[in-house]
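The structure under discussion appears below in the form of C-alpha cells.
The values are calculated or read from the model by the stated rules, or taken from the named source; none is laboratory data. What you see is a predicted model; the values in this text were computed from it and never measured. Counting neighbours? That spans all protein chains shown, and the Cβs are built from the backbone with ideal geometry, glycine included.
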Amino acid sequence: MSDLLFEKRDRVALVTFNRPTKKNALTPEMIVLLAQAWREFHDDDGLRVSILTGAGDTFSAGADLGRLIPLLTRARAPEDEWDRALLADKSLSQAALLRRYELWKPVIAAVNGPALAGGCEILLATDLRLGVPEATIGLPEPKRGIIPGAGSMARLARQIPYVHAMQIMLTGDAVPAPAALAMGLLNEIVPRESLLDRAFELAARISANGPLAVRKIKEAVIRCQGRPLEAAFTIEDECVREVMRSADAREGPRAFVEKRTANFTGR
C-alpha cells in the first residue's frame, strides 16, 4: 500500500497520508506522491475541491527524522527511486507543501489528530480546516534546534494574531483543538466519526458553486495579502473581469431566474 493515497470521488479529490503506524511522518515517497497529487488536482478540470487527511489517529507528525531529513541534509545517500526523484527535482518539495506553487482550487483539511511540524506547515496551506477534539497543532522545530521553514514563518502570522503565532513558533508547544478554534486555526471541531462526512459536505457545497468564481476568490485573497489597498483593488479588478466575461457568469443568474440548478463549466 502506498504511503499516500489519492482518490477521486465525483468532483472531490481525497488525499490521505497513509503511514498510520509511523504517525504519518513524511517520507521522500510521500513528498513526491503529494506533489504529484496536487499537480493532478490542479490539472483535472473535473476536480473542484480537495480534502487532505491522515489515516489512523494522526494527521501528520511532520518529517520522518530518520529518512527525510537525513536525505535532505545529505547525512545519508539516496537509496531508492523516491530519494533520487526528490533530490533531482527541488520543485517537488515546494509543490508538496503548496509553497511557491499556485493552486487556486480550495483545499479542506480534515485534521484527524496531531498536526505537528511539517504536518502543521502543510495544514497552513489549506483553506478550510476541520479538527477532531483530540487534534493538536504545533511547530516543535525550535525544541530540536531548527526552524519551521516550510511556510509557517511566512503564513502563520498572516492567519492568526501575531502574539498567538509567536507563542506557537517560539515555544514549540502544541495547541489543543479548542484553543486552535479560538485562534482561528480551525473552522470547526467535529466528532471523529463525522469528520470526513462533514468535510465532504463542505466540499459538495463549494463544488456546486461556479468553479471559476471559487478559484478567482481564492486567487484574489491570496494575491492581495499584504499589499496596499490600491494594489489589492487592481488584483481584485483583474479577477472580476475574468469572471464577469465567463459563460458561468451568464449561466448563474439565468439559472436563478429560471428556478433551476446552474450548469457551471468553469469557463
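For Gly138, the conditions (1) surrounded by 20 or more Cβ atoms within 10 Å (Cβ to Cβ); (2) farther than 17 Å from Gly62 by Cα are fulfilled apart from (2).
The condition (being touching a Cys at 6+ places or on another chain (Cβ under 7 Å), among the aliphatic types (A, V, I, L, M), touching a residue at least 12 places away in the same chain (Cβ under 8 Å) and within 22 Å of Ala125 (Cβ to Cβ)) is satisfied by just one residue among Ile235, Ile168, Ile189: Ile235.
Mind counting the residues in the range 91-104 that are crowded, with 21+ Cβ neighbours inside 10 Å and in a loop (DSSP other than H, G, I, E, B)? Number satisfying all stated conditions: 2. Do we find that Ile168 is within 15 Å of Ala115 (Cα to Cα) and either under 17 Å from the mean Cα position of the chain (by Cα) or of a type in the set (Val, Ile, Thr) (or both) in this structure? Yes. Considering each residue of the range 166-173 in turn, none proves to be of a type in the set (Gly, Ala, Ser), on the phi > 0 side of the Ramachandran plot and at pLDDT below 95. I need the full set of residues from the range 5-29 which are at pLDDT 95 or above, touching a Leu at 6+ places or on another chain (Cβ under 7 Å) and not in a strand (DSSP E or B), in order please. If the condition is that a residue be at pLDDT 95 or above, touching a Leu at 6+ places or on another chain (Cβ under 7 Å) and not in a strand (DSSP E or B), then Arg11, Asn18 are the ones that fit. Got at least one residue in the range 75-90 being on the phi < 0 side of the Ramachandran plot, assigned to a strand (DSSP E or B) and free of Cβ contacts under 8 Å to residues at least 40 places away in the same chain? Within the range 75-90, not a single residue is on the phi < 0 side of the Ramachandran plot, assigned to a strand (DSSP E or B) and free of Cβ contacts under 8 Å to residues at least 40 places away in the same chain. On inspection, Leu124 does not qualify as surrounded by fewer than 22 Cβ atoms within 10 Å (Cβ to Cβ), on the phi < 0 side of the Ramachandran plot and assigned by TED's automatic domain parsing to the domain that holds Ala179.
Among the residues of the range 53-74, those that are at pLDDT 90 or above, part of a loop (DSSP other than H, G, I, E, B) and either crowded, with 17+ Cβ neighbours inside 10 Å or not acidic (Asp, Glu) (or both) comprise Ala55, Gly56, Thr58, Phe59, Ala61, Gly62. If we scan the range 238-246, do we find a residue that is in contact with a strand residue (DSSP E or B) (Cβ under 8 Å, 6 or more places away or on another chain), of a type outside the set (Phe, Trp, Tyr) and touching a residue at least 24 places away in the same chain (Cβ under 8 Å)? The answer is no; no qualifying residue exists.
Of all the helices (runs of 4 or more DSSP H) wholly in the range 185-267, which have at least 1 residues that are more than 26 Å from the chain's Cα centre (by Cα) and at pLDDT 95 or above?
Ranges flagged: 229-244, 247-257.
Exactly one residue among Ala177, Ala165 is in the same structural domain as Gly131 (by TED's automatic domain parsing), buried (at least 19 other Cβ atoms within 10 Å of the Cβ) and in contact with a Leu (Cβ under 6 Å, 6 or more places away or on another chain), and that residue is Ala165.
Kindly establish whether Ala37 is closer than 26 Å to Arg215 by Cβ and either buried (at least 24 other Cβ atoms within 10 Å of the Cβ) or outside the structural domain of Lys218 (by TED's automatic domain parsing) (or both).
Taking the combined requirement at face value, the residue satisfies it.
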